[in-house]
1. Tell me, which residues of the stretch A:1-29 get at least 30 Å² less accessible area when the other protein chains come in, versus the chain alone (1.4 Å probe)?
2. Please compute the modelled spin-label separation between A:Thr595 and A:Ala73, points set 7 Å along Cα→Cβ, answer in nm with one decimal.
3. Average partner chain C-beta neighbours within 10 Å, per residue of B:89-98?
4. Explain nothing, just the number: relative contact order of chain B, from Cα pairs under 8 Å at least 6 residues apart, as a whole percent.
5. Return a whole-number percent for the relative contact order of the stretch A:483-628, with Cα pairs under 8 Å and 6 or more residues apart as the contact set.
6. Can you list residues whose amide H is under 5 Å from A:Lys35's amide H, if they're 5+ apart or on another chain and H is modeled 1.01 Å from N?
7. Just to confirm the filter: which GluC sites (Glu not before Pro) across the stretch A:144-183 are DSSP coil and have at most 16 other Cβ within 10 angstrom of their Cβ?
8. I'd like the interface area for chains A and B: accessible area of each alone minus the complex, both sides summed, 1.4 Å probe, protein heavy atoms only. What is it in Å² to the nearest 100?
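The values are calculated or read from the model by the stated rules, or taken from the named source; none is laboratory data. Computed from a prediction, not measured in an experiment: that's the story for all the values here. Every residue, glycine among them, receives a Cβ derived from its backbone with ideal geometry; neighbour counts consider all protein chains shown. Please note that ligands, DNA and RNA were not included when accessible areas were found on the heavy atoms of the full protein model with its side chains. Shrake-Rupley method; radii C 1.70, N 1.55, O 1.52, S 1.80 Å.
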Amino acid sequence: MGMEGIGARVARKEDKRFITGKGRYTDDMVVPGMKHAHFIRSPHAHAKIKSIDTSAAEKMPGVIGILNGAQLAEDAIGNIICGWMIHSKDGTPMNMGAWRPLAQDTVRYVGDAVAIVVADSKTQARDAAEAVVVDYETLPVVTSAIEALKDGAPQLHPEAKNNLIFDWEIGDSAATDAAIASAAHVTEMKVINNRLVPNPMEPRAALGVYDEGEDHYTLWTTSQNPHVARLVLSAFYNVAPENKLRVIAPDVGGGFGSKIYIYPEEIVCLWASKRTGVPVKWNSDRTEAFLTDAHGRDHVSTVKMAFDADNRITGFKVDTIANLGAYMSLFSSSVPTYLYATLLSGQYNIPNIHANVRTVYTNTVPVDAYRGAGRPEATYLVERTMETAARELGVSPAELRKTNFVREFPHQTPVIMCYDAGDFEASLNAAMDASDYAGFAARKEEAKSRGKLRGIGMSCYIEACGIAPSAAVGSLGAGVGLWESAEVRVNAVGTVEVLTGSHSHGQGHETTFAQLVADRFGVGIDTVSIVHGDTDKVQMGMGTYGSRSGAVGMSAVVKALDKVEIKAKKLAAHLLEADESDIVIENGELKVAGTDKSVPWFQMALAAYTAHNMPEGMEPGLKEGAFYDPSNFTFPAGCYICEVEVDPETGKTEIIQFVAADDFGKIINPMIVEGQVHGGVAQGIGQALLEGTHYDAETGQLLTASYMDYTMPRADDLPSFQISTTETACPSNPLGIKGCGEAGAIGSPPALINAITDAIGNNDLTMPATPQRVWAALGSAK
Amino acid sequence: MANVSMTVNGRSVSGQCEDRTLLVQFIRENLGLTGTHVGCDTSQCGACVVHVDGKAVKSCTMLAAQADGSEVVTIEGLASGGELHPVQAAFREHHGLQCGFCTPGMIMSAVDMIQRHGGRLDEKTVRQELEGNICRCTGYHNIVKAVLDAASKMGDGTKVAAE
Ligand code: FES
Ligand code: FES
């Protein structure tokens, strides 16, 4: 692998700027003449806008312009769309209501944008916003998806009767019912997956610049996929033609899904720049982030799992209601369907599965993909059910899982996915060894002697990453293809630039993508630059989410490297008067194998650009591009074990140990992979123990809209993690990569809740398992 | 309007700002030192931590005018002469950062913590001390490692400095 090649634990190249304060995030950008925006937002969860009076505000100091939905309509700016078509089981298309970037007649959640004030300074914009008078007529509110489906509930969109967006199913209902009817044992549960607020530490921001001279637009934005943003802004929102629009996502301070989407603010800032004639910058404060960043999860499900007399699963039936909030966000429809129900087979052989999913409008923030997106919800159902079933059947949780593991690959599940590789027992065993599972009983006794309740829980997750084969997702309703692009440019001096459509917002691509080049050509990673996040530099790409940068983005780089290698070898063979097939690349040299004849890498590159002595017919230069479309999803899997101690006096849970054993396939940089697991597990623990999103049911006010009310995991809430990996290569892409970005957030919540319910002897516990809830559950267990 | 003068990273600076201007705004907008970040509006995330007269302070919690006459060090002023501060180096070595947004505040808090404890730190203390700095990316695991490693490397030096 070499010191800096594939598999090497290389410190990150990008760190230097971040640790010295030289990172460049959107809100750090300053352009000449730049002015500041403040959005006026609805304080009501549901209301008619009767009038907007800006007359007093317009006279305030520094105010340049105040724009609202009527002007947006004048310029024919389009509605925000959901890019994944789902059909209900009766064949009708999903019922999508209109989402105006600035609400025109009706507001549907607290935070819905109504107008934008542009002024010389941020404070002036804020002050003027205070003087804008919006007259609202409030309407009845509904925040719970279950309530919203009931007859007589407040109606959000005329398109969606009873607020139902679609009623979708997957799998064989009759066969699953039959399996349940003839089962030796059926485990039934009601499971809630709590709504979460993603909270990347960098709040969203946008800087829109319209250049009148060139009739050209530039948007700096906090995006995980600037190319998709450009496509959507031009093709659907009609803000600017694609060839006249440059979107730049510079350093981005975390995303976790919430920065995939194109939000009203980006559309409006860009449009407002043209309309007011000044560059317009907006940056969200944290309260706005809580009120407007797409939330995650929010499912309520009932499940039935059927077992035969040998404890083999014979059927799994799921009924889910998913709250999508007030509007359909970009990928919102795919999350509770194809990213969710297709993973309900877990790591197990389950012959019959059926899931029914209803998605619902409510007066809450739109819900979309958040780290894991659908797969945490599926894993939580499967793994809570498995643990519960083990308790009911009186077998050990590990035994029940082993009895049901998929052991032969490829394995076709009844819900679309075809698992290509894996060794589930290997990760289970690794996690049990690392956690000294066998010694748990003694530790529980010891804890008891101190008056504490110990519990242990496991979770065996599988997820689908590397999304995804374009034709496959297209047939399922996706509005885009999910390939990735790369271009490898070898400069005349032999340094290398890799242009990628993947986007790094913490994942370390500047290092790991460079490692691929170092591995291939034996050049140092310091001579390799990774270019991403700018639509003027990289032609097109699909961005980073769904753990796709490794499996898909890197595969595109590999394809481009293959082409460069072929040409470089041809040229070297010509220069060395040798046969092309005898050329090997080693330590920065192209050598004739078995001889001492060689040409240094940089000299070969120079020869490609001087073009004085080229093989016949070869074009000058050394630059190759590639698009890679995956042939399958990838299937990271693993086992997480959590051991907790609950204080029965206070209900407080302490995590004694958290063990992760993951199979991510090939690993490019173990240090970065470990970091991804740490971060994912922390978010999963946050969901299980701390993070609760609460709306007031009467008014639709978000009660947890700040760090005073929404409990982010702090350093002293978490333990250090014990993590390790096992490896089965992924046959579906050239590097054998499965992906690691979401596993931690997917696998950890059920391990935590399985551990706590084991400790307290009451299985009825809802996330987040706050001390108050645990204490109450303890009371009812007695 | 207030006239504010202070020393920032060893340079004397002065500027005019509205009375309500926060120190973090003055640093970012007037001085163009954008390494200090704003991650919340309730003084809880710690992305904005700088040193004011040798102590870690959340610069979103203080008016620029209150820092008049003070000695301020921001993340940009921590490395000396191209040489990384040991805490900066430890964050890189131990992968204590991912997106980098919380990092300046984390590092400034960690430097202050190590100085106050004279390098005598254990995991529990580091985790408690980091209560005011939120990171969404790293799960803190590698941040804790970095702080402990930097503390042990700086150990003696800081003890002398603290005594
Ligand atoms: S910005 Fe100062 S604590 Fe969050
Ligand atoms: S590194 Fe991203 S928030 Fe800490």
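1. A:Ala11, A:Arg12, A:Asp15, A:Phe18, A:Ile19, A:Thr20, A:Gly21, A:Tyr25, A:Asp28
2. Result for the modelled spin labels: 7.7 nm.
3. Partner Cβ neighbours, averaged per residue: 6.
4. Relative CO of chain B lands at 23 percent.
5. Relative contact order comes out at 33 percent.
6. Residues meeting the criterion, in which the H sits 1.01 Å from N, are A:Val280, A:Lys281.
7. Passing sites in the stretch A:144-183 are A:Glu159.
8. So the total buried area for this chain pair works out to about 4100 Å².
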